[in-house]
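Quick note: the coordinates plus some simple rules give every number you see, no bench work behind them. Here the structure is a predicted model, which is why all the values come from computation and not from measurement. Positions of Cβ are generated from backbone atoms using ideal geometry, with glycine treated the same way; all protein chains shown enter the neighbour counts.
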Amino acid sequence: MSALAKQNFASASEDSINNQISQELQASQVYLSLSAWAGSGQALPGLEKFFKKSAEEEREHAQKLIDYQNRRGGKVVLQTLSAPEIDWSSARNAIEATLQLEKDVNKSLLNLHKVSEENSDAQLSDFIASVYLPEQVEGIKKIADLVAQLNRVGNDGLGLYLWDQELLRSLE
């Protein structure tokens, strides 16, 4: 579609969508780095698979936003991504980092929703509220549960091994 499709689509909404696309792609990069970390030398196949799956989900979120921007007649402007961290001191540290990452992505989505409301853009508001926000709440809860579980089992040894194996089984 072209700009001819543009109707009731404020430039602030368009800019905020582009920012969210960047947030989602950056999160995907972080998850890919986490997956590589978990798979190289850490011997944590459950975490490796969890992070890889999370990276794919974040890319899918970015693609949905790109498709939405195009449907509305907006212009997609991809931004430069930062190189993600490549080493985490522990599984707990890695999971805690993802919890903060998801909270940051959620905050950005809430800002996008606010921009849509300020510009009386019911379509964008509904899109964000129905497609993204419920999934974010579920994702944050799941990661918070993983942090709590890691706090109970410990950061190494048999507890971590069994926790990771259970995570791997839950992803199959």
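Entry remark, the range 78-96: residues being touching a residue at least 60 places away in the same chain (Cβ under 8 Å), surrounded by 13 or more Cβ atoms within 10 Å (Cβ to Cβ) and of a type outside the set (D, E, K, R) number 3 in total.
Can you tell me which residue within the range 138-172, out of those that are within 19 Å of VAL105 (Cβ to Cβ) and touching a helix residue (DSSP H, G or I) at 6+ places or on another chain (Cβ under 8 Å), is surrounded by the fewest Cβ atoms within 10 Å (Cβ to Cβ)?
Top of the filtered list is VAL147.
Taking into account only those residues within the range 97-120 that are over 17 Å from the mean Cα position of the chain (by Cα) and surrounded by fewer than 20 Cβ atoms within 10 Å (Cβ to Cβ), which is nearest to SER16 (Cα to Cα)? Residue satisfying both the conditions and the ranking: LYS114.
From the list GLY73, GLY39, pick out the single residue that is touching a helix residue (DSSP H, G or I) at 6+ places or on another chain (Cβ under 7 Å), touching a residue at least 12 places away in the same chain (Cβ under 8 Å) and small (Gly, Ala, Ser).
Checking each option against the conditions leaves just GLY73.
Listed by position, the helices (runs of 4 or more DSSP H) contained in the range 104-172 that have at least 2 residues being without any contact (Cβ under 8 Å) to a residue 60 or more places away in the chain, at negative phi and among the acidic types (Asp, Glu) are 133-153. The requirement of being out of contact with any strand residue (DSSP E or B) (no Cβ under 7 Å at 6 or more places or on another chain), buried (at least 19 other Cβ atoms within 10 Å of the Cβ) and farther than 20 Å from GLY46 by Cβ is satisfied by ILE128.
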